[in-house]
Structure formats: C-alpha cells, structure tokens
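Notes to accompany the following structure.
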Amino acid sequence: MGRATHAEVASAIEALAREPGEFVRLREFAKNRIARIGPWAANGRTAEELLQIAILKVLEGSRTWNPEKVDLKGLLMGAMWSTASSWAAHHSRNHQSPEYALSESGTETSASDGNGRQAFDKLASQSPSPEDELIRMEEARERSEIADQIGEACAGDEDALAVIAGLEDGMSLVEIRDEFGWEDKTIRAAMRRIKRRTERVLEGRGDQHAVR
C-alpha cells in the first residue's frame, strides 16, 4: 500500500474525529507534551494548537503516513512529540530573545509549571556558585535532550509513547496499564521496545550508561 494519498489521509482524520474517545486520548497526549516542555518553551501555544499543527502536517504531507507501518493516532502522537521538542530546542537556543522576554519576565507563570519551576528554583537557592549552576543547567539540558531523542525513536509506536507520557506524568506502570485497559503483556512489550530504543539512543550519543 505504501504512503497514503491526501484523500486517504483526510478520510482517516474525518473518521477519527467521529470517535470522541480517540481525540480525548490525543488531546491528553498534547497536554502532556506542553507540560513536559513548559509554558515558556510553548510560548503561549496550547495543547489544542499542538494537536492541530500535527494534523496539518499530516494533511499537508510534511509528515507522511504509511498505514502499513503505523496507525493514524501513532503518527499524530509522533508529530506532536517532534513539534514540541523543536519548540523546546528553539527556546533553549533563543531564551534571551525578545520573543520570549514578555512571558519569562511576567508573573503569571506558576512556580509549579515546567520552565517556571526551574526559574523559581534558581531564585530559591542563592548558595550555588555560577560554575555549579552552569553544570546543573547543562545536566538538565542533556537529560531533556535524551528524553526527547527517546521519544523521537518511539515515534509511530503509540503504546510506547503512551507509556513514556504516563511515566513523565508521574503514573506507575500499573496505573498506565489500567488507564488504557491493557493486558500485562502489552505494557511489558512496550517497555521492552522503549528499553531497546533507549539503549540505541545512548549508544548513538556515546553514553556508557546503557539501560539495564
């Protein structure tokens, strides 16, 4: 079958839209990604906007769909993951630019929200030296980068992405299993795939701390 045509993509999206429960799952995934990168990196964009951008990418063909390899939900989740990751990367490179100045100097961001939490953490602790702070920031950046690369490696694997999103949201494996109504073997298989892809990501980075 190969790559789906524009008409096939449009028809599949319309069919998906007629299943409210499926879109609820996609919206929850989008909310998780916005929370993951933080409000400043999202730069005012909402979970609903992230989902709409993913849909447009698939409709316009910049994100191609091969139904034989991945279902539409998995493709959209992968598109949302990579889009949010690119926003986070752009913010990391340009956080001092005027486009972020207003949101990052305001007081509306909660101390418990993503990037905002990091900022208030800095204010709360005055003891670390500038060198220590730079090391801490670099370690946090590297952890975030690895997490995003693992997500990219799982793009198209709906179950694996759901597990990663649940773990990032503080859920246990049992809670994730029950949330999606999976059998034990389903979540175990997803975890094995995540482990293999994590090992490949770490090997590709030259990281010696492979997952055991």
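The values are calculated or read from the model by the stated rules, or taken from the named source; none is laboratory data. Just so it is clear, the model here is predicted, and its values are computed rather than measured. Here Cβ is always computed from backbone atoms with ideal geometry, including for glycine, and neighbour counts include all displayed protein chains. Calculation scope for accessible area: heavy atoms of the full protein, side chains included, ligands and nucleic acids excluded. Shrake-Rupley method; radii C 1.70, N 1.55, O 1.52, S 1.80 Å.
Quick check: with the 1.4 Å probe, what order do GLU158, GLU49 take by accessible area, largest first?
On the way: GLU158 20, GLU49 85 Å².
Result of the area sort, largest leading: GLU49, GLU158.
Considering amide H positions built from the backbone, and no H for Pro or chain starts, which residues 5 or more places from ARG63, or on another chain, come under 5 Å of its amide H?
VAL58
Can you list the lysines whose alpha carbon sits under 30 Å from that of LYS185, skipping same-chain ones fewer than 8 residues off?
Of all the lysines, those that pass the test against LYS185 - Cα under 30 Å, at least 8 places apart if same chain - are LYS31, LYS69, LYS73, LYS195.
Computed over the Cα atoms, what is the radius of gyration of segment 3-101 divided by 2.2 N^0.38 Å, N being its residue count?
Compared with the compact-globule rule of thumb, segment 3-101 sits at 1.15.
Describe numerically, in nm with one decimal, the distance between label points set 7 Å from Cα along Cα→Cβ at LYS185 and at ARG143.
Taking the simple label geometry, LYS185 and ARG143 are separated by 3.6 nm.
Given a 1.4 Å probe and the protein chains all in place, what does the accessible area of ARG3 round to, in Å² to the nearest 10?
150
Express in nm, to one decimal, how much length is gained between ARG196 and ASP71 on full extension, taking 0.36 nm for each residue of separation and deducting their alpha carbon distance. All intermediate terms of the calculation are to be shown ahead of the outcome.
On the way: separation 125, 0.36 × 125 = 45.00 nm, distance 2.13 nm.
Additional length available on full extension: 42.9 nm.
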